[in-house]
Structures are given as C-alpha cells and as structure tokens.
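Data block below; observations after.
The values are calculated or read from the model by the stated rules, or taken from the named source; none is laboratory data. Just so we're clear, the structure is a prediction, and the values are computed from it rather than from any experiment. For neighbour counting, all protein chains shown are included, and Cβ atoms are generated from backbone atoms with ideal geometry for every residue, glycine included. Surface areas here come from the heavy atoms of the whole protein model, side chains and all, with no ligands, DNA or RNA. Shrake-Rupley method; radii C 1.70, N 1.55, O 1.52, S 1.80 Å.
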Amino acid sequence: MAGKIVSSVLVYSPSWPVSQALYSFCQHEDDNKNTAANADVNVVIHAEDILHKINEMKPDVLVLDISLRVNCGLMSTLRQNYPSLPVVIVQRRFLFSDRVAAEYFGHIWLKEYDALLAEYPAVLLQEHLSHPGLAGTECGGNSGYLQFVRREQDSDDVQREMVFRLRLRLFDLLKSPRLCEVVINWLGTEASPAEVGASLSRSAKLVYHYRREAMRALKISRYARDFIPSITVKIKQEERRW
C-alpha cells in the first residue's frame, strides 16, 4: 500500500461517535484538495453488513473499530473472501494476542487512537497506509493463513490454529517449552498459581515465577487487566454462524 492513493474507505464501528470520528479522519478536506483527503468514505455500524458493503463498493481499505483478538471469526471470514484487502484495526491499545492475530491474517495495520489523533488533521488515517514514511513494517502478509483456509474449516479449526500461533510466538519470547505449556495450558485458563501448582505437583511460588517471567516478556504490568487477554483469542458466538 505504501505510495498508493487510497480513493475509497469502508469504516465499521458499533459506536456512532467513533464511526463519525473515523469518518472525519478519512474525509477531512484540506486546502490543497488532496486526492487522499477526499476519499469516498462509507460507514456501517452492524458487523453483519460488512461483507455486503465490501461487495458493493470494493474499498481500497477497510477500517475496523474492533478488538482483533476477540474477533478472529470475523477476520477469518474476511480473509476467506478478501485475502489481500488492507485492514486497519483501531483501538486504544493492542496486546500480544492482537499482534499475533494481525501477523497471522496478514495485510493488517494496528493503529492506536492516540497515534491517529497526534497528527490529525495534517495526516489522515489512510495516509498511515499510503505514505512511505508512515506505512512502516506494521503490516505483514502471512502465507500461513492462506494455506490453512485451502481446506474446509470451521470456527473450532480457527480457534485451534490461533492458539497454536500464540504458542509459537510466545516460545519465541520465552525460549522455554515448559514455561509456554504452563502459561498457555494452565494460566491461560484463569486458574490461580496455587491451583496450577497443585495440578502439576509444583509449588505455587514456582508458578508465580513463571507468571512474572511471562508478564515481563509480554511487557505488561497489570495482571488482572492484561495477562489473560494477552495470551488468548476468541471467536464470538455470533461469528460461529458465519
């Protein structure tokens, strides 16, 4: 996308104020009447309308105001139908699980609200994709997903594949199969260190140590808020019907 003019954008947000803000991020008109600043922007507020609207308008970019880690079913459906459509995910912040999912599905930019606000209105949302100085290396295509969807799959297949990817990336950080097993298979189920220790015939102190090591590697400091979300992905119930 770097260097390419973005002429059409589809925005989805379940929140009307956020959808209008994102519309403005894409549609602000500057004094130079720059083509990128005058993109054709459409907004949908219901997730079930996304595919229909993509078919109708064939956007250059899809902007989604969603938590990627809990919308893997939606992203899987989009990638089966539009494998290379550039997607911008906007959120207040992103966790390890969001970044693993973005890498896996490919052609995804993760943009924090504050990063967009910092340069607005001088820099519009689509310029984060099209301008060589802003596009960076955030978006990586990944052949793993495209190979995976060649065979028939359901939501449980996607769930298992995502957990596998999380495990691989966590091992890249921790370099310990045992630590990865404890984190993904035990702590990821929301069991307490005491419960995990009892199940594994290990001390709770050792399990607490494992948890601290994982949190340090994931660069998170709040266990209650960030730990479980960082090492889990979800498919919403309504996505299982897609």
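For the stretch 35-54, the set of residues classified as within 25 Å of Pro121 (Cβ to Cβ) and either in contact with a Cys (Cβ under 8 Å, 6 or more places away or on another chain) or modelled with pLDDT of 50 or more (or both) consists of Ala37, Asn38, Ala39, Asp40, Val41, Asn42, Val43, Val44, Ile45, listed by residue number. Applying a threshold of 8 Å to beta carbon distances and a minimum spacing of six or more residues, or different chains, the list of pairs starting in the stretch 99-121 at a residue that is closer than 16 Å to Leu85 by Cβ and assigned to a helix (DSSP H, G or I) and ending at one that is open to solvent by less than 70 Å² (accessible area, probe 1.4 Å) and hydroxyl-bearing (Ser, Thr, Tyr) reads Tyr104/Tyr145; Phe105/Ser76; Phe105/Tyr145.
Just checking, does the stretch 208-216 include any residue being modelled with pLDDT under 90 and open to solvent by 90 Å² or more (accessible area, probe 1.4 Å)? So far as the stretch 208-216 goes, no, none of its residues is modelled with pLDDT under 90 and open to solvent by 90 Å² or more (accessible area, probe 1.4 Å).
Are any of the residues in the stretch 187-198 in contact (Cβ under 8 Å) with a residue 12 or more places away in the chain, touching a Leu at 6+ places or on another chain (Cβ under 8 Å), open to solvent by 60 Å² or more (accessible area, probe 1.4 Å) and over 30 Å from Ala47 (Cβ atoms)? Checked the stretch 187-198: no residue is in contact (Cβ under 8 Å) with a residue 12 or more places away in the chain, touching a Leu at 6+ places or on another chain (Cβ under 8 Å), open to solvent by 60 Å² or more (accessible area, probe 1.4 Å) and over 30 Å from Ala47 (Cβ atoms). Just so you know, in the stretch 67-98 the residues that are in a loop (DSSP other than H, G, I, E, B) and polar (S, T, N, Q) include one that is farthest from the chain's Cα centre (by Cα), and it is Ser84.
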